[in-house]
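Heads up, the thing below is written out as structure tokens.
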Amino acid sequence: MNYHNKTFRPVSNTENGETSPETVFIYQQTGHILTSDYSGGKIIAGHLIGLVDETGRIDMRYHQVNTRGEIMTGICQSVPEILPDGRVRLHERWQWTSGDLSKGESVLEEV
């Protein structure tokens, strides 16, 4: 699986998360290294870096500045699903490594 130049938007997130359908992720991939700049909704600016395994699963770390002016950090594991139309859906389990350290789940879909 290669995520290079794919754009994703969240379609769901648990209440303690900051991403929303207004958040846009633009993925870049070189080899097994994945990066993304993202923003929108409650997020002014964010960046993630991760490793993609042979099945397309992503192990990532992220940091972002929210509209309250806070720097938030976290870890996330994403599992891909190929939709009938060929787009990718990512099922994510994440945890804040700042703030309240809570966990959550989100789903992103390729635009």
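Brief remarks on what is shown
- Debye, to nearest 20: dipole size of the range 17-82, +1 on Lys, Arg Cβ, -1 on Asp, Glu Cβ: 180
- Entry note: the chain has Rg to Rh equal to 0.94, where both radii use alpha-carbon atoms and Rh is the Kirkwood radius.
- Potential lengthening of the chain between T67 and S20 amounts to 15.6 nm, from the contour at 0.36 nm per residue minus the alpha-carbon distance.
- Lys, Arg +1 and Asp, Glu -1 on Cβ, resulting dipole of the chain about Cα centre, debye, nearest 20: 120
- Peptides ranked, highest mean first, by Cβ atoms within 10 Å: ranges 74-87, 23-36: 23-36, 74-87
- A straight chain from H47 to S98 at 0.36 nm per residue would run longer than the Cα-Cα distance by 16.8 nm.
- Relative contact order [Cα under 8 Å, 6+ residues apart], the chain, whole percent: 23
- Over all other residues within a Cβ to Cβ distance under 9 Å of G41, the charged ones net out to -1, with Lys and Arg as +1 and Asp and Glu as -1.
- Using only Cα coordinates, the Kirkwood hydrodynamic radius of the range 25-71 works out to 11.3 Å.
- Largest-first ordering by accessible area, 1.4 Å probe, given options R57, R68: R68, R57
- Heavy-atom SASA rank of E92, E15 (probe 1.4 Å, accessible area, largest first): E15, E92
The values are calculated or read from the model by the stated rules, or taken from the named source; none is laboratory data. No experiment lies behind these values; they were computed from the predicted model shown. Virtual Cβ from ideal backbone geometry, glycine too; neighbours counted across all protein chains shown. When the accessible area is computed, the model is the full protein with side chains, heavy atoms only, and any ligands, DNA or RNA have been set aside. Shrake-Rupley method; radii C 1.70, N 1.55, O 1.52, S 1.80 Å.
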